[in-house]
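Asks: Here you go, one structure.
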């Protein structure tokens, strides 16, 4: 007797998965770039493609850190691909549950969850392309043709004075963005105060200014010393003030400062996000679909957040998250990188998002709305598709 899965495959032979492949891509930064606690010289990305019997192909991708891309690619190749080949690509929820259960001893967070995430993204992309719909509409769009975005930058670079930082933020405002983000937490109290004051004076009072600390502090008292210097410049949020596991300190800081606390960009799974929400540790979740468990898990997290009145401002890959912001009622902003210097993944994308009046235009072509450039993959990849 045929199993329900086999019966489903028999009903939809065109959507049967015939291959799952991954590659690690390492792209050096043109200029070494610093956050509060570390410096980056290159970025690893992992890309996945899933093909089905009808010839449709979906693609997924994630950030693998500065040296960890091969771990993510191996998880796809060793743990996940054997589970998926022969299965029905339309059964996304069932496939997610099967992958999560089968990798329980290895995953739940980190490289294996990133691998699950990008496979899940590739499935959604394939299915939207097969349906002839943009991913945002396939997910159930909100009707938005463009979505609010903030321009992300303000990194620490050698010789970058507060005036130069302010000029960078002004350049984003001139592009039409009504919200910008800068890095904080690397310098001493005096230098940090000078940086944020210079930016606020340059962009004016009507532009939303957000701050990203990238896990800068270990305790609430230190964080509050910095927040006292930041608060007069009226920042909208303070992002990742502590390490991701330090939920109690996030919650305590949220009580003490009038600035909203935002976090969640490297958090995985609906359960940890639920703890962040219930402990009032985040007024804004920056959940990354390429980290948390894919689009399938992102949607569950967003629905839970909506029940608590918490906004979603997904982190990083704007080419992916423009679709999720456009299909998530409680999504507030997408993060956008104006050039390919920090998010150098942009060099792999054949069609860049259109920016109109400081908003990102939602793609209208099927799936994600772009393809990965094979020539650039060949230039930067550590090996062939496997």
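Asks: Quick check: Cα centre of segment 169-208 to Cα centre of segment 236-298, how many Å?
Replies: So the two Cα centres are separated by 23 Å.
Asks: Using the 10 angstrom Cβ neighbour count as an exposure proxy, how do 385, 237 rank, fewest first?
Replies: So the ranking, lowest neighbour count to highest, is 385, 237.
Asks: Can you give the FRET efficiency for residue 98 and residue 201, using 1/(1 + (r/R0)^6), R0 = 45 Å, r = Cβ-Cβ distance, to the nearest 0.05?
Replies: Calculated value: 0.25.
Asks: Sorted by average packing, counted as other Cβ atoms within 10 angstrom per residue and highest first, what order do 27-37, 334-344 take?
Replies: 334-344, 27-37
Asks: For a quick check, take a GNM of the chain with Cα springs below 10 Å and name the residue from 328, 24, 351 with the largest mean-square fluctuation.
Replies: With Cα springs under 10 Å in the chain, the top fluctuation among 328, 24, 351 is at 351.
Asks: To test your reading of the geometry: what angle, between 0 and 90 degrees and rounded to tens, separates the Cα axis of helix 189-203 from the longest principal axis of the chain?
Replies: 80
Asks: Report the full-extension gain for the segment residue 131 to residue 340: residue separation times 0.36 nm, less the Cα-Cα distance, to one decimal in nm.
Replies: 72.1 nm
Asks: Taking the Cβ-Cβ separation of residue 386 and residue 308 as r and a Förster radius of 41 Å, what is the calculated FRET efficiency to the nearest 0.05?
Replies: Numbers: r = 42 Å, r/R0 = 1.03.
Once rounded, the FRET efficiency stands at 0.45.
Asks: How far, in degrees from 0 to 90, does helix 162-174 lean away from the longest principal axis of the Cα atoms of the chain, to the nearest 10?
Replies: 50
Asks: At 7 Å along Cα-to-Cβ for each site, give me the label-to-label distance between residue 161 and residue 332 in nm.
Replies: 3.4
Asks: Let me ask another. Could you give me D for segment 137-361, from Stokes-Einstein at 4 °C and 1.567 mPa s, where the hydrodynamic radius is the Kirkwood radius over C-alpha pairs? Units µm² s⁻¹, please.
Replies: 73
Asks: What nm value, rounded to one decimal, do you get for the distance between residue 245 and residue 279 when each label is placed 7 Å out toward the C-beta?
Replies: Taking the two extended label points, one gets 1.2 nm.
Asks: Given the rule -39500 (n - 2.57) for each run of at least 4 DSSP H residues, summed and divided by the residues of the chain, what is its mean residue ellipticity at 222 nm, to the nearest 500 deg cm²/dmol?
Replies: -11000 deg cm²/dmol
Asks: Once both labels are modelled 7 Å past Cα along the beta-carbon direction, what's the residue 300-residue 374 spacing in nm?
Replies: Here the answer is 3.6 nm between the modelled labels.
Asks: To make sure I understand, if each residue's beta carbon is the centre and we count other beta carbons within 10 Å, what order do 323, 250, 56 fall in, fewest to most?
Replies: Values: 323 29, 250 26, 56 20.
Lowest count first: 56, 250, 323.
Asks: Using alpha carbons only, how many degrees (0 to 90, rounded to 10) separate the axis of helix 247-256 from the longest principal axis of the chain?
Replies: 40
Asks: Which of 372, 189, 377 has the fewest other C-beta atoms within 10 Å, and how do the rest follow up to the most?
Replies: 189, 377, 372
Asks: Now, a different point. What FRET efficiency, computed as 1/(1 + (r/R0)^6) with R0 = 45 Å and r the Cβ-Cβ distance, is obtained for residue 194 and residue 350, rounded to the nearest 0.05?
Replies: The formula returns an efficiency of 0.60 here.
Asks: Which one is right for this structure if Rg and Dmax of the Cα atoms in Å is calculated from it: (i) 27.5, 106; (ii) 20.7, 73; (iii) 21.6, 78?
Replies: The value computed from this structure is option (ii).
Asks: With a 10 Å cut-off between alpha carbons and a GNM built on the chain, which of 220, 291, 362 moves the most?
Replies: 220
Asks: Something else now. Please build a GNM for the chain, connecting alpha carbons under 10 Å apart, and tell me which residue among 193, 265, 93 fluctuates the most.
Replies: 93
No value in this document is a laboratory result; all are computed from the given coordinates. In this text, all values refer to a predicted model and were calculated from it rather than measured experimentally. Neighbour counts run over all protein chains shown; Cβ positions are idealised from the backbone, glycine included.
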